[in-house]
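Report on the following structure.
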Amino acid sequence: MSALAEIREAPGLDAYLGELEERLEHAVGTYRGVVAEVGAEALAAGGKRLRPLLVYLSAPPGSEPPVVAGVAVELIHLATLMHDDLIDRASLRRGHASAWSAHGPEAARAAGDYLFARAFAELAATGDAPALAILANATLCLARGEAMQRSQRFDPDTTIEAYLERCTLKTGKLFEAACRLAGGSGAFGLALGVAFQITDDILDCSGVTIETGKIAGTDLREGTPTLPLLLAAQRDDAVHAALAGEAHLEGALLRVASTGAIEESREVALAYSRSARACLNGELHREELESLTYAVVNRER
(Lines give C-alpha, C1' and ligand atoms only; values in the text may rest on other atoms or scores of the structure.)
Protein backbone atom coordinates (compact mmCIF):
# COMPACT_ATOMS: atom_id res chain seq x y z
CA MET A 1 0.00 0.00 0.00
CA SER A 2 1.36 3.43 -0.95
CA ALA A 3 1.89 6.16 1.63
CA LEU A 4 -1.00 8.15 0.18
CA ALA A 5 -3.28 5.10 0.30
CA GLU A 6 -2.41 4.62 3.97
CA ILE A 7 -3.23 8.26 4.68
CA ARG A 8 -6.62 7.73 3.08
CA GLU A 9 -7.36 5.12 5.75
CA ALA A 10 -7.83 7.95 8.29
CA PRO A 11 -11.08 7.53 10.27
CA GLY A 12 -14.02 9.29 8.66
CA LEU A 13 -12.13 10.18 5.49
CA ASP A 14 -14.12 7.86 3.23
CA ALA A 15 -17.38 9.59 4.14
CA TYR A 16 -15.81 13.01 3.65
CA LEU A 17 -14.39 12.13 0.23
CA GLY A 18 -17.67 10.55 -0.80
CA GLU A 19 -19.58 13.74 0.01
CA LEU A 20 -16.84 15.77 -1.66
CA GLU A 21 -17.21 13.86 -4.94
CA GLU A 22 -20.99 14.23 -4.88
CA ARG A 23 -20.72 17.97 -4.35
CA LEU A 24 -18.06 18.31 -7.06
CA GLU A 25 -20.23 16.41 -9.54
CA HIS A 26 -23.19 18.65 -8.70
CA ALA A 27 -21.06 21.78 -9.01
CA VAL A 28 -19.67 20.95 -12.46
CA GLY A 29 -22.98 19.57 -13.74
CA THR A 30 -25.13 22.57 -12.85
CA TYR A 31 -24.23 24.49 -16.01
CA ARG A 32 -25.39 22.25 -18.84
CA GLY A 33 -23.59 21.88 -22.14
CA VAL A 34 -19.91 21.71 -22.98
CA VAL A 35 -18.88 23.27 -19.66
CA ALA A 36 -20.55 20.44 -17.75
CA GLU A 37 -19.04 17.89 -20.14
CA VAL A 38 -15.52 19.25 -19.75
CA GLY A 39 -15.91 19.46 -15.97
CA ALA A 40 -17.27 15.93 -15.71
CA GLU A 41 -14.33 14.58 -17.72
CA ALA A 42 -11.90 16.41 -15.44
CA LEU A 43 -13.48 14.80 -12.40
CA ALA A 44 -13.63 11.36 -14.02
CA ALA A 45 -9.90 11.54 -14.77
CA GLY A 46 -9.36 11.27 -11.04
CA GLY A 47 -6.53 12.96 -9.25
CA LYS A 48 -5.01 12.92 -5.81
CA ARG A 49 -7.55 15.31 -4.23
CA LEU A 50 -4.62 16.52 -2.14
CA ARG A 51 -6.06 19.94 -1.41
CA PRO A 52 -9.39 18.63 -0.07
CA LEU A 53 -7.39 16.02 1.84
CA LEU A 54 -5.43 18.84 3.47
CA VAL A 55 -8.71 20.50 4.45
CA TYR A 56 -9.86 17.30 6.15
CA LEU A 57 -6.59 16.58 7.93
CA SER A 58 -6.18 20.20 9.09
CA ALA A 59 -9.52 20.32 10.91
CA PRO A 60 -9.21 20.27 14.73
CA PRO A 61 -9.74 16.81 16.28
CA GLY A 62 -13.39 16.14 16.95
CA SER A 63 -14.61 18.93 14.66
CA GLU A 64 -16.62 18.59 11.46
CA PRO A 65 -14.25 19.03 8.47
CA PRO A 66 -15.57 21.80 6.20
CA VAL A 67 -16.39 19.82 3.06
CA VAL A 68 -17.47 22.99 1.23
CA ALA A 69 -13.93 24.33 1.65
CA GLY A 70 -12.62 21.09 0.15
CA VAL A 71 -14.95 21.51 -2.82
CA ALA A 72 -13.86 25.12 -3.32
CA VAL A 73 -10.11 24.44 -3.31
CA GLU A 74 -10.49 21.46 -5.66
CA LEU A 75 -12.57 23.51 -8.10
CA ILE A 76 -9.88 26.20 -8.10
CA HIS A 77 -7.26 23.52 -8.72
CA LEU A 78 -9.20 21.97 -11.61
CA ALA A 79 -9.70 25.40 -13.16
CA THR A 80 -5.98 26.15 -13.02
CA LEU A 81 -5.17 22.81 -14.68
CA MET A 82 -7.51 23.60 -17.57
CA HIS A 83 -6.07 27.06 -18.05
CA ASP A 84 -2.47 25.88 -17.63
CA ASP A 85 -2.91 23.17 -20.26
CA LEU A 86 -4.49 25.70 -22.60
CA ILE A 87 -1.66 28.20 -22.14
CA ASP A 88 1.04 25.52 -22.45
CA ARG A 89 -0.79 23.64 -25.23
CA ALA A 90 -0.30 20.45 -23.19
CA SER A 91 -2.11 17.59 -24.92
CA LEU A 92 -2.21 15.17 -21.97
CA ARG A 93 -3.51 15.48 -18.43
CA ARG A 94 -3.60 12.46 -16.08
CA GLY A 95 -3.11 10.15 -19.03
CA HIS A 96 -6.09 11.54 -20.96
CA ALA A 97 -6.52 14.23 -23.58
CA SER A 98 -6.47 17.64 -21.92
CA ALA A 99 -9.64 19.75 -22.01
CA TRP A 100 -8.47 22.09 -24.76
CA SER A 101 -7.12 19.30 -26.98
CA ALA A 102 -10.38 17.33 -26.65
CA HIS A 103 -12.89 20.18 -26.86
CA GLY A 104 -11.01 23.19 -28.20
CA PRO A 105 -9.54 26.28 -26.52
CA GLU A 106 -12.84 28.14 -26.18
CA ALA A 107 -14.49 25.29 -24.29
CA ALA A 108 -11.48 24.84 -22.00
CA ARG A 109 -11.34 28.56 -21.26
CA ALA A 110 -15.07 28.73 -20.53
CA ALA A 111 -14.99 25.63 -18.32
CA GLY A 112 -12.01 26.94 -16.36
CA ASP A 113 -13.67 30.31 -15.87
CA TYR A 114 -16.85 28.61 -14.69
CA LEU A 115 -15.00 26.43 -12.17
CA PHE A 116 -13.23 29.49 -10.73
CA ALA A 117 -16.54 31.29 -10.30
CA ARG A 118 -18.28 28.20 -8.94
CA ALA A 119 -15.60 27.77 -6.26
CA PHE A 120 -16.37 31.20 -4.85
CA ALA A 121 -20.12 30.63 -5.16
CA GLU A 122 -19.83 27.44 -3.10
CA LEU A 123 -17.90 29.20 -0.35
CA ALA A 124 -20.04 32.35 -0.46
CA ALA A 125 -23.14 30.26 0.25
CA THR A 126 -21.71 29.50 3.70
CA GLY A 127 -21.60 33.20 4.60
CA ASP A 128 -18.01 32.81 5.81
CA ALA A 129 -16.35 36.08 4.76
CA PRO A 130 -12.91 35.26 6.26
CA ALA A 131 -12.86 31.99 4.30
CA LEU A 132 -13.69 33.87 1.11
CA ALA A 133 -10.81 36.25 1.80
CA ILE A 134 -8.41 33.32 2.23
CA LEU A 135 -9.49 31.75 -1.06
CA ALA A 136 -9.44 35.08 -2.89
CA ASN A 137 -5.88 35.77 -1.76
CA ALA A 138 -4.76 32.31 -2.87
CA THR A 139 -6.37 32.79 -6.27
CA LEU A 140 -4.73 36.19 -6.72
CA CYS A 141 -1.40 34.55 -5.93
CA LEU A 142 -2.09 31.84 -8.52
CA ALA A 143 -2.63 34.52 -11.16
CA ARG A 144 0.56 36.32 -10.14
CA GLY A 145 2.47 33.05 -10.30
CA GLU A 146 1.17 32.29 -13.78
CA ALA A 147 2.13 35.79 -14.96
CA MET A 148 5.59 35.28 -13.47
CA GLN A 149 5.94 31.98 -15.29
CA ARG A 150 5.04 33.68 -18.59
CA SER A 151 7.71 36.34 -18.00
CA GLN A 152 10.34 33.71 -17.19
CA ARG A 153 9.78 31.57 -20.29
CA PHE A 154 12.92 30.67 -22.23
CA ASP A 155 15.08 32.44 -19.64
CA PRO A 156 17.74 29.99 -18.43
CA ASP A 157 19.21 32.74 -16.23
CA THR A 158 16.11 32.93 -14.03
CA THR A 159 17.33 32.93 -10.44
CA ILE A 160 16.57 30.05 -8.10
CA GLU A 161 14.93 32.58 -5.78
CA ALA A 162 12.56 33.70 -8.55
CA TYR A 163 11.72 30.08 -9.33
CA LEU A 164 10.93 29.34 -5.67
CA GLU A 165 8.77 32.46 -5.47
CA ARG A 166 6.84 31.17 -8.48
CA CYS A 167 6.37 27.79 -6.79
CA THR A 168 5.09 29.55 -3.69
CA LEU A 169 2.57 31.60 -5.66
CA LYS A 170 1.39 28.94 -8.13
CA THR A 171 1.24 25.93 -5.80
CA GLY A 172 2.14 26.74 -2.21
CA LYS A 173 -0.53 29.38 -1.66
CA LEU A 174 -3.44 27.07 -2.51
CA PHE A 175 -2.02 24.37 -0.22
CA GLU A 176 -1.72 27.07 2.45
CA ALA A 177 -5.33 28.11 1.89
CA ALA A 178 -6.56 24.51 2.17
CA CYS A 179 -4.98 24.22 5.60
CA ARG A 180 -6.13 27.63 6.82
CA LEU A 181 -9.72 27.08 5.69
CA ALA A 182 -9.94 24.24 8.20
CA GLY A 183 -8.07 26.04 10.98
CA GLY A 184 -4.72 24.37 10.37
CA SER A 185 -1.18 25.63 9.83
CA GLY A 186 -0.76 27.78 6.75
CA ALA A 187 3.01 27.54 7.07
CA PHE A 188 2.76 23.76 6.86
CA GLY A 189 0.67 23.94 3.69
CA LEU A 190 2.98 26.48 2.09
CA ALA A 191 6.12 24.39 2.60
CA LEU A 192 4.32 21.20 1.55
CA GLY A 193 3.10 22.86 -1.64
CA VAL A 194 6.58 23.97 -2.66
CA ALA A 195 7.94 20.47 -1.98
CA PHE A 196 5.13 19.07 -4.13
CA GLN A 197 5.85 21.46 -7.02
CA ILE A 198 9.59 20.83 -7.03
CA THR A 199 8.87 17.09 -7.14
CA ASP A 200 6.48 17.65 -10.06
CA ASP A 201 9.23 19.50 -11.90
CA ILE A 202 11.69 16.69 -11.22
CA LEU A 203 9.20 14.14 -12.59
CA ASP A 204 8.87 16.20 -15.77
CA CYS A 205 12.59 15.66 -16.34
CA SER A 206 12.83 12.07 -15.17
CA GLY A 207 9.36 10.49 -15.28
CA VAL A 208 7.87 8.22 -17.91
CA THR A 209 4.66 9.34 -19.62
CA ILE A 210 2.74 6.16 -18.74
CA GLU A 211 3.60 6.67 -15.05
CA THR A 212 3.12 10.42 -14.73
CA GLY A 213 0.14 10.80 -17.07
CA LYS A 214 1.95 13.72 -18.71
CA ILE A 215 4.49 13.86 -21.53
CA ALA A 216 8.00 14.02 -20.08
CA GLY A 217 10.13 17.01 -21.04
CA THR A 218 7.21 19.42 -21.40
CA ASP A 219 8.91 22.11 -19.31
CA LEU A 220 12.02 22.08 -21.49
CA ARG A 221 9.99 22.18 -24.70
CA GLU A 222 7.88 25.06 -23.37
CA GLY A 223 10.90 26.94 -22.04
CA THR A 224 9.63 26.82 -18.47
CA PRO A 225 12.62 27.26 -16.14
CA THR A 226 12.26 24.72 -13.33
CA LEU A 227 14.75 23.90 -10.61
CA PRO A 228 16.36 20.86 -12.29
CA LEU A 229 16.53 22.69 -15.63
CA LEU A 230 18.01 25.84 -14.09
CA LEU A 231 20.64 23.90 -12.16
CA ALA A 232 21.51 21.88 -15.26
CA ALA A 233 21.67 25.05 -17.40
CA GLN A 234 24.24 26.48 -15.00
CA ARG A 235 26.47 23.45 -15.61
CA ASP A 236 25.85 22.52 -19.25
CA ASP A 237 25.89 25.01 -22.12
CA ALA A 238 23.77 22.72 -24.31
CA VAL A 239 21.00 22.61 -21.71
CA HIS A 240 21.30 26.39 -21.29
CA ALA A 241 20.82 26.86 -25.04
CA ALA A 242 17.93 24.36 -25.18
CA LEU A 243 16.10 26.07 -22.31
CA ALA A 244 16.60 29.41 -24.07
CA GLY A 245 14.99 27.95 -27.20
CA GLU A 246 18.20 28.43 -29.15
CA ALA A 247 19.13 24.79 -29.75
CA HIS A 248 17.64 21.40 -30.55
CA LEU A 249 16.15 19.52 -27.60
CA GLU A 250 17.33 16.09 -28.71
CA GLY A 251 19.20 14.45 -25.85
CA ALA A 252 18.80 17.49 -23.61
CA LEU A 253 16.95 15.60 -20.85
CA LEU A 254 19.76 13.05 -20.72
CA ARG A 255 22.22 15.90 -20.32
CA VAL A 256 20.09 17.31 -17.48
CA ALA A 257 20.35 13.99 -15.67
CA SER A 258 24.12 13.82 -16.19
CA THR A 259 24.69 17.15 -14.40
CA GLY A 260 23.39 15.93 -11.04
CA ALA A 261 20.65 18.57 -11.16
CA ILE A 262 17.87 16.07 -10.48
CA GLU A 263 19.52 14.78 -7.32
CA GLU A 264 20.21 18.31 -6.09
CA SER A 265 16.63 19.35 -6.82
CA ARG A 266 15.38 16.39 -4.81
CA GLU A 267 17.45 17.56 -1.85
CA VAL A 268 15.73 20.95 -2.03
CA ALA A 269 12.31 19.25 -2.17
CA LEU A 270 13.25 17.15 0.85
CA ALA A 271 14.31 20.30 2.72
CA TYR A 272 10.88 21.84 2.15
CA SER A 273 9.30 18.57 3.25
CA ARG A 274 11.29 18.77 6.49
CA SER A 275 10.23 22.39 6.94
CA ALA A 276 6.61 21.31 6.66
CA ARG A 277 7.12 18.63 9.32
CA ALA A 278 8.71 21.19 11.61
CA CYS A 279 5.39 23.09 11.61
CA LEU A 280 3.58 20.09 13.10
CA ASN A 281 4.12 20.63 16.79
CA GLY A 282 1.78 20.42 19.74
CA GLU A 283 -1.91 20.27 18.88
CA LEU A 284 -1.13 20.81 15.19
CA HIS A 285 0.60 17.43 14.95
CA ARG A 286 -1.28 14.66 13.18
CA GLU A 287 0.29 11.44 12.01
CA GLU A 288 -1.40 11.61 8.60
CA LEU A 289 -0.07 15.12 7.95
CA GLU A 290 3.43 13.97 8.83
CA SER A 291 3.04 11.01 6.46
CA LEU A 292 1.89 13.40 3.75
CA THR A 293 5.21 15.26 3.90
CA TYR A 294 6.90 12.02 2.84
CA ALA A 295 4.26 11.03 0.29
CA VAL A 296 4.48 14.23 -1.78
CA VAL A 297 8.22 13.80 -2.40
CA ASN A 298 8.28 10.00 -2.74
CA ARG A 299 5.93 9.56 -5.69
CA GLU A 300 6.08 8.67 -9.36
CA ARG A 301 3.20 10.86 -10.59
Exercise. Limited to the range 19-43, what total is found for residues that are of a type in the set (A, V, I, L, M), more than 15 Å from E106 (Cβ to Cβ) and in contact (Cβ under 8 Å) with a residue 40 or more places away in the chain?
Worked result: 5
Problem set entry | Condition met for L190 (surrounded by 22 or more Cβ atoms within 10 Å (Cβ to Cβ), under 18 Å from the mean Cα position of the chain (by Cα), modelled with pLDDT under 95 and among the hydrophobic types (A, V, I, L, M, F, W, C)) | no
Exercise. Looking at (1) in contact (Cβ under 8 Å) with a residue 60 or more places away in the chain; (2) within 27 Å of A242 (Cβ to Cβ), which is the only condition W100 fails?
Worked result: (1)
Seminar exercise, completed: Among (1) modelled with pLDDT of 95 or more; (2) under 16 Å from the mean Cα position of the chain (by Cα); (3) of a type in the set (D, E, K, R), R94 falls short only on (1)
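Out of E41, E21, report the one residue that is part of a helix (DSSP H, G or I), within 13 Å of E74 (Cβ to Cβ) and under 19 Å from the mean Cα position of the chain (by Cα). Can you show your working first?
Values: E41 fails: within 13 Å of E74 (Cβ to Cβ).
Of E41, E21, the one residue that is part of a helix (DSSP H, G or I), within 13 Å of E74 (Cβ to Cβ) and under 19 Å from the mean Cα position of the chain (by Cα) is E21.
Looking at the structure I just gave you, is H248 closer than 16 Å to E222 by Cα and either β-branched (V, I, T) or modelled with pLDDT of 95 or more (or both)?
Working: closer than 16 Å to E222 by Cα: yes; either β-branched (V, I, T) or modelled with pLDDT of 95 or more (or both): no.
It is false that H248 is closer than 16 Å to E222 by Cα and either β-branched (V, I, T) or modelled with pLDDT of 95 or more (or both).
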Seminar exercise, completed: The residue from A125, A99, A111, A107 that alone is more than 18 Å from L174 (Cβ to Cβ), over 15 Å from the mean Cα position of the chain (by Cα), modelled with pLDDT of 80 or more and crowded, with 24+ Cβ neighbours inside 10 Å is A111
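So which of A45, A40, A36, A27 ends up being of a type outside the set (D, E) and in contact with a strand residue (DSSP E or B) (Cβ under 7 Å, 6 or more places away or on another chain)? Talk me through it step by step, then tell me what you get.
Working: A40 fails: in contact with a strand residue (DSSP E or B) (Cβ under 7 Å, 6 or more places away or on another chain); A36 fails: in contact with a strand residue (DSSP E or B) (Cβ under 7 Å, 6 or more places away or on another chain); A27 fails: in contact with a strand residue (DSSP E or B) (Cβ under 7 Å, 6 or more places away or on another chain).
Residue meeting the stated conditions: A45.
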Exercise. What number of residues within the range 158-193 are touching an Asp or Glu at 6+ places or on another chain (Cβ under 6 Å), small (G, A, S) and in contact (Cβ under 8 Å) with a residue 12 or more places away in the chain?
Worked result: 1
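For V28, are the conditions met, namely being within 18 Å of the chain's Cα centre (by Cα) and surrounded by 15 or more Cβ atoms within 10 Å (Cβ to Cβ)? Walk me through how you get there before you give the answer.
Values: within 18 Å of the chain's Cα centre (by Cα): no; surrounded by 15 or more Cβ atoms within 10 Å (Cβ to Cβ): yes.
Taking the combined requirement at face value, the residue does not satisfy it.
Conditions tested, residue by residue: (1) within 15 Å of the chain's Cα centre (by Cα); (2) free of Cβ contacts under 8 Å to residues at least 24 places away in the same chain; (3) assigned to a helix (DSSP H, G or I).
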site	(1), (2), (3)
K48	yes, no, no
P52	yes, no, yes
E74	yes, no, yes
A117	no, yes, yes
A121	no, yes, yes
P130	no, yes, yes
G145	yes, no, yes
Q149	yes, no, yes
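Given the residues Y56, Y31, which is the only one that is of a type in the set (F, W, Y) and not in a helix (DSSP H, G or I)?
Details: Y56 fails: not in a helix (DSSP H, G or I).
Result: Y31 is the single residue among Y56, Y31 that is of a type in the set (F, W, Y) and not in a helix (DSSP H, G or I).
The values are calculated or read from the model by the stated rules, or taken from the named source; none is laboratory data. Bear in mind that the values here come from a model prediction, so they are computed numbers and not experimental data. Cβ atoms come from the backbone with ideal geometry, glycine included; neighbour counts cover every protein chain shown.
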